[in-house]
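If you scroll down you'll find the structure; I have some questions about it.
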Amino acid sequence: MKTVLEFDLEKTTQALNYLAQKEGGKIDKMKAIKLIWLADRYHLRRYGRPISNDNYLAMEYGPVGSSAKDIADNNDFLSSEEKKYSSGYIQPDEKRHFVESVNEVDSSVFSDSDLEALNLVYEKYGKDDALELADMSHYFPEWDKFKKEILTKSISRGNMSYVDFFKNPGQTIPYENIFDEKEKDLESSQKIFEESYLMANFWK
């Protein structure tokens with residue numbers, strides 16, 4: 001099942017901006033993208049929807065939100081409208097390794113639960129660097145299902161499904177794990193998500 005919910009340009013841009021400001025004005029691009037994945041995962045499992053509604057790809061260094069990466073790079077995959085909005089808040093550095101904040105965060109685009117997820121994820125994982133977050137991401141089932149193909153280089157990426165975000169790792173994660181929802185609560189969140197998916201697909 002693939003989500004047909006609309007990608008949220010404003011929330012994703014502001015999430016990158018928020019994380020850059022948390023790091024003193026700029027943040028490693030891969031680290032930011034991994035932190036947004038963690039916030040999306042947490043929010044989806046708690047509240048039945050992701051924050052960004054991005055299309056996630058499983059790649060060598062873990063999950064990558066494809067549109068978040070485009071925004072962080074300010075590349076030509078963005079429409080003129082997307083470039084205009086995102087560049088008003090963030091810019092890539094010269095070598096495109098970092099995302100730099102160029103304006104204050106517009107927190108009005110976020111719900112209270114969005115901010116809860118972003119704050120919690122940064123509190124728990126903001127101390128980790130990009131490679132540590134990439135290593136941690138390899139323990140999660142949404143990436144692990146592509147592990148063999150990626151490591152053997154038979155594919156360079158795989159299309160992730162948000163449904164797999166509801167699954168728990170089959171092994172102990174050697175990092176702090178904030179994904180400890182009760183089974184009943186997790187089932188309720190997944191039901192909310194699947195109903196939203198069906199409704200969005202109906203109106204597509």
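The values are calculated or read from the model by the stated rules, or taken from the named source; none is laboratory data. Remember, predicted model here, so these are calculated numbers, not experimental data. With ideal geometry, Cβ positions are generated from the backbone for all residues, glycine too; neighbour counts draw on all protein chains shown.
Just checking, does region 140-158 include any residue being within 20 Å of Leu44 (Cβ to Cβ) and among the aliphatic types (A, V, I, L, M)? Full working, then the answer.
Taking region 140-158 and keeping what is within 20 Å of Leu44 (Cβ to Cβ), we get 140-146, 158.
With among the aliphatic types (A, V, I, L, M) added as a condition, the list becomes none.
Checking region 140-158: not a single residue is within 20 Å of Leu44 (Cβ to Cβ) and among the aliphatic types (A, V, I, L, M).
Select the strands (runs of 3 or more DSSP E) contained entirely in region 1-96, then report the ones holding at least 1 residues which are under 30 Å from Glu194 (Cα atoms).
Numbers: elements: 26-28, 56-59, 62-65, 90-92.
Those strands (runs of 3 or more DSSP E) span 56-59, 62-65.
Which pairs have Cβ atoms under 8 Å, sit 6 or more apart or on different chains, and link a residue in region 155-167 that is surrounded by fewer than 14 Cβ atoms within 10 Å (Cβ to Cβ) to one that is at pLDDT below 95?
Sorted first by the residue in region 155-167, then by its partner, the pairs are Asn159/Lys2.
Quick one: in region 6-48, of everything that is crowded, with 22+ Cβ neighbours inside 10 Å and polar (S, T, N, Q), which residue is nearest to Glu81 (Cα to Cα)?
This residue is Thr13.
Out of region 117-169, which residues are among the polar types (S, T, N, Q) and not in a helix (DSSP H, G or I)? Full working, then the answer.
First pass over region 117-169, keeping only residues among the polar types (S, T, N, Q): 119, 137, 152, 154, 156, 159, 161, 168.
Result: Thr152, Ser154, Ser156, Asn159, Ser161, Asn168.
Then there's this: Inside region 170-204, can you point out the residues that are of a type in the set (S, T, N, Q) and either modelled with pLDDT of 95 or more or not in a loop (DSSP other than H, G, I, E, B) (or both)?
Of the residues in region 170-204, the ones of a type in the set (S, T, N, Q) are 171-172, 177, 188-190, 196, 201.
Result: Ser188, Ser189, Gln190, Ser196, Asn201.
Taking Ala68 as the residue in question, decide whether it is at pLDDT 95 or above, within 29 Å of Asn168 (Cα to Cα) and either among the β-branched types (Val, Ile, Thr) or within 10 Å of the chain's Cα centre (by Cα) (or both). Steps first, please.
Details: at pLDDT 95 or above: yes; within 29 Å of Asn168 (Cα to Cα): yes; either among the β-branched types (Val, Ile, Thr) or within 10 Å of the chain's Cα centre (by Cα) (or both): yes.
Criteria met by Ala68.
Given the structure, is Pro63 farther than 18 Å from Ala130 by Cβ and in contact with a Phe, Trp or Tyr (Cβ under 8 Å, 6 or more places away or on another chain)? Let's see the steps before the verdict.
Numbers: farther than 18 Å from Ala130 by Cβ: no; in contact with a Phe, Trp or Tyr (Cβ under 8 Å, 6 or more places away or on another chain): yes.
Spelling it out, it is not the case that Pro63 is farther than 18 Å from Ala130 by Cβ and in contact with a Phe, Trp or Tyr (Cβ under 8 Å, 6 or more places away or on another chain).
Could you grab the pairs with beta carbons closer than 6 Å, sequence gap of 6+ or different chains, first residue in region 63-83 and over 16 Å from Lys11 (Cα atoms), second one surrounded by 14 or more Cβ atoms within 10 Å (Cβ to Cβ) and acidic (Asp, Glu)?
Going by the 6 Å Cβ cut-off, the qualifying pairs are Phe77/Asp70.
Pairs needed: first member in region 168-185, at negative phi; second member anywhere, of a type in the set (Ser, Thr, Tyr); C-beta distance under 7 Å; at least 6 residues apart or different chains.
As it stands, the answer is Pro169/Tyr139; Gln171/Tyr139; Ile173/Tyr139; Ile178/Tyr42; Phe179/Tyr42, since those pairs meet every condition given.
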